[in-house]
Amino acid sequence: HDPRYLGGYRLIERLGEGGQGIVFLGEDPSGQQVAVKVLKVAASEEARAQLKKEMAAAQRVAQFCTAQVLGGSVDGPQPYVVSEYVEGLSLDERVRTRGPLPSPRLERLAVFTAAALTAIHAAEVVHRDLKPANVLLGPDGPQVVDFGIAVQEDVDTFTGRMIGTPAYMAPEQLEGGAASRASDVFSWAGTMVYAATGHLPFGPPGGRLHAISTAILRDEPSLAGVPDHLLPVLRVCLDKDPRRRPTARALLDRLLDPSLGLVQDEAVREVGAALKSYLLVQPPEKKIVDQPFSKDVDTGRQHWTPDVVPTVPPEPTRRRRLPVVLTLAVLAGAAAGGWFLLGGSGTSIPQADAGVWSGSVLQSNTVSLHAVLTLKAGSRTGRADFGTCAGDLTLKSVDGSTLTFDLTSPPGCPSGTATMYVTDSGGLSYELSAGDGKDQHGTLTKS
């Protein structure tokens, strides 16, 4: 029942089928081969309008390292997208049939695909399903394909459901958060792990979906077999926290110029501490003199001698030293590829995190609890209620947008260190590290 023609394109044969549609090898009226993807979408006007926006966004992507989107239609009974045909195996097929890529080809693959991701993001598009099956090893080099499910960042998917391949999804997507540029970077890193090793970055070989998803959320990636020079890059790209991953452009710069280095937590702390030590005005040291009064030998009158003598450098000296420290901080940020901003620790709950947050959290990866967190702006304390258990939250630190609390509960109830932050989708990511093994994690919504 496959169609023979779509919008003037002759369909020759099936190339493959996925959750979002069927891809055909086709020909345009001039005989040029193209790839035609017939999409499986709802017939509603809203869905078609969204699809039209996605196609327009995909056509803005630069043509290097990606299969150019040539056109398509959403008006007929079978919406479709037409793109450049890339002749060659997919990365998935190549690794399954011939094993992992050797180092030189792996490095070329990493650079080409990072460049493609940079171009995709520059067009304000999120790929959402970057994986080995969507990287084609064509005669001109690796090319990233399948923009039929890529969407602009500021709109939700038209299907109303999770899009992507779970084995390569970022943790925030598996928890129901919105896909973003950062989740594309996570998927890129997983794809490179597969290319280098032949196995998934998370979960046991041949593992079920639940085991793989749990590993993505909780475990460290399996990087055995990855070349040493790629290990630091892949580790930071596979960070559970999307805010700590590099941008695609910073990633590309790092691959092209290894001298740029990577962010080291200790280096960030040292630069931050140096900056703060000069920005904060310290009180002068006190010095008690033996003779608080002195006598003028000419007049015989006594003069009071101050009992506090400033011993800090004069103010002009301190001002002259500030630019040096600021320059160090700027240089450190530039050397890291622009992957971080220096942040300080706050002393109270920010307004953006305040409110009553509720939802389901998973305890010990087995028990689902209904949690209610109450946080008040400007306060250092809050309340955590889990139904039969409740405890007090005491703010320890505010690092950027991440809040860290001590959770103190009665015996038999979970206690420990709780971390939380507001996600890109507006939810509150919550995680508790409990000493009694009753760890919790989940994403809550504001009431």
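The values are calculated or read from the model by the stated rules, or taken from the named source; none is laboratory data. From a predicted model like this one, the values you see are computed outputs, not experimental measurements. A quick note on method: Cβ atoms are made from the backbone with ideal geometry, for glycine too, and the neighbour counts reach across all protein chains shown. SASA here: full protein model, heavy atoms, side chains in, ligands and nucleic acids out. Shrake-Rupley method; radii C 1.70, N 1.55, O 1.52, S 1.80 Å.
Okay, here's what the table says:
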{"quantity": "Residue check for residue 429: within 20 Å of residue 241 (Cβ to Cβ) and touching a Phe, Trp or Tyr at 6+ places or on another chain (Cβ under 9 Å)", "calculated": "yes"}
{"quantity": "Test: residue 407 is hydrophobic (A, V, I, L, M, F, W, C), open to solvent by less than 50 Å² (accessible area, probe 1.4 Å) and more than 21 Å from residue 351 (Cα to Cα)", "calculated": "no"}
{"quantity": "Looking only at region 382-403, and only at residues there that are part of a loop (DSSP other than H, G, I, E, B) and open to solvent by 40 Å² or more (accessible area, probe 1.4 Å), the one that is farthest from residue 356 (Cα to Cα)", "calculated": "400"}
{"quantity": "Search result, residues across region 352-368 that are touching a strand residue (DSSP E or B) at 6+ places or on another chain (Cβ under 7 Å) and part of a strand (DSSP E or B)", "calculated": "355, 356, 357, 358, 359, 360, 361, 362, 363, 368"}
{"quantity": "All positions within region 108-126 that are open to solvent by less than 70 Å² (accessible area, probe 1.4 Å) and touching a strand residue (DSSP E or B) at 6+ places or on another chain (Cβ under 8 Å)", "calculated": "109, 112, 113, 116, 117, 119, 120, 125, 126"}
{"quantity": "Of residues in region 44-103 being modelled with pLDDT under 75 and of a type in the set (Lys, Arg), the one farthest from residue 122 (Cα to Cα)", "calculated": "48"}
{"quantity": "Lone unmet requirement of (1) in a loop (DSSP other than H, G, I, E, B); (2) at pLDDT below 80 for residue 30", "calculated": "(2)"}
{"quantity": "Failed condition for residue 105, given (1) within 29 Å of residue 11 (Cα to Cα); (2) free of Cβ contacts under 8 Å to residues at least 60 places away in the same chain; (3) open to solvent by 10 Å² or more (accessible area, probe 1.4 Å); (4) in contact with a helix residue (DSSP H, G or I) (Cβ under 9 Å, 6 or more places away or on another chain)", "calculated": "(1)"}
{"quantity": "Helices (runs of 4 or more DSSP H) within region 164-232 that include 2 or more residues β-branched (Val, Ile, Thr) and either buried (at least 19 other Cβ atoms within 10 Å of the Cβ) or modelled with pLDDT of 90 or more (or both)", "calculated": "181-197, 209-218"}
{"quantity": "Single residue of 74, 81 found to be open to solvent by less than 10 Å² (accessible area, probe 1.4 Å) and in contact with a Lys or Arg (Cβ under 6 Å, 6 or more places away or on another chain)", "calculated": "74"}
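Yes/no per residue for (1) within 23 Å of residue 399 (Cα to Cα); (2) surrounded by 16 or more Cβ atoms within 10 Å (Cβ to Cβ); (3) at pLDDT 80 or above:
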{"site": "330", "(1), (2), (3)": "yes, no, no"}
{"site": "337", "(1), (2), (3)": "yes, yes, no"}
{"site": "375", "(1), (2), (3)": "yes, yes, yes"}
{"site": "380", "(1), (2), (3)": "yes, no, yes"}
